[in-house]
Amino acid sequence: MKPIYVLNGPNLNLLGVREPEIYGYDTLADIESRCAALLEDAGHSLVFRQSNHEGQLIDWIQEARTESAALIINPAGYSHTSVALLDALKALSVPIIECHLSNPQTREPFRHHSYVSLAAKGIIAGFGAFGYELAIRAALALLKPAG
Ligand code: CA2
């Protein structure tokens, strides 16, 4: 079985270091460990990455097109700006789950629209780091054969 990809966008490397009142105290490494443990229990593997660069994220999305079973993405600020990320995501046939720590709908108006949502099977937002675990569970459920 191909791995599940979890891609993280700009500034998420600062998680647990700044603005804990919005994004919580968990670091990205903490989140990665929990995702890996969940997937290991289910017999799957994980590719977990973060980049501050739009082009790097696009290269990884293109890689996920052929190398992943499903893609979970927190596009961070690029959610609200990037047609290029959306175009890359639209080339995938594997399930795409958009994941946010905060609930952008309760924040500034410029966060209310996400280009990425147009390519996502579903969105998980507002549950902090736990949202990544929910996203992994959603991906596993989507990959499980029906019946
Ligand atoms: O809630 C989310 O996960 C967001 O994707 C986070 C983005 C924000 O632009 C989106 O609207 C919602 C921001 C990520 C910045 O991450 C930081 C983490 C710690 C300290 C500073 C920034």
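So what is the relative contact order of region 4-143, in percent, for Cα pairs below 8 Å that sit 6 or more residues apart? It comes to 27 percent, rounded to a whole number. Within the full protein context, the accessible area of LYS90 is estimated at about 140 Å² for a probe radius of 1.4 Å.
With a Förster radius of 35 Å applied to the C-beta separation of ALA37 and THR66, the computed FRET efficiency comes to 0.85. Computed about its Cα centre, the charge dipole of the chain is approximately 380 debye, with only Lys, Arg, Asp and Glu carrying charge at their Cβ. What you get for region 41-124, charging only the Cβ of Lys and Arg (+1) and of Asp and Glu (-1), is a dipole of about 200 debye around the Cα centre. Among GLU63, GLU98, GLU21, the residue with the largest mean-square fluctuation in a Gaussian network model of the chain, with springs joining Cα atoms closer than 10 Å, is GLU21.
The values are calculated or read from the model by the stated rules, or taken from the named source; none is laboratory data. This structure is a prediction, so every number in the text was calculated from the model and none was measured. Ideal geometry is used to build each Cβ from the backbone, glycine not excepted, and the neighbour counts take in all protein chains shown. Protein only, heavy atoms only, side chains kept; ligands, DNA and RNA dropped before computing areas. Shrake-Rupley method; radii C 1.70, N 1.55, O 1.52, S 1.80 Å.
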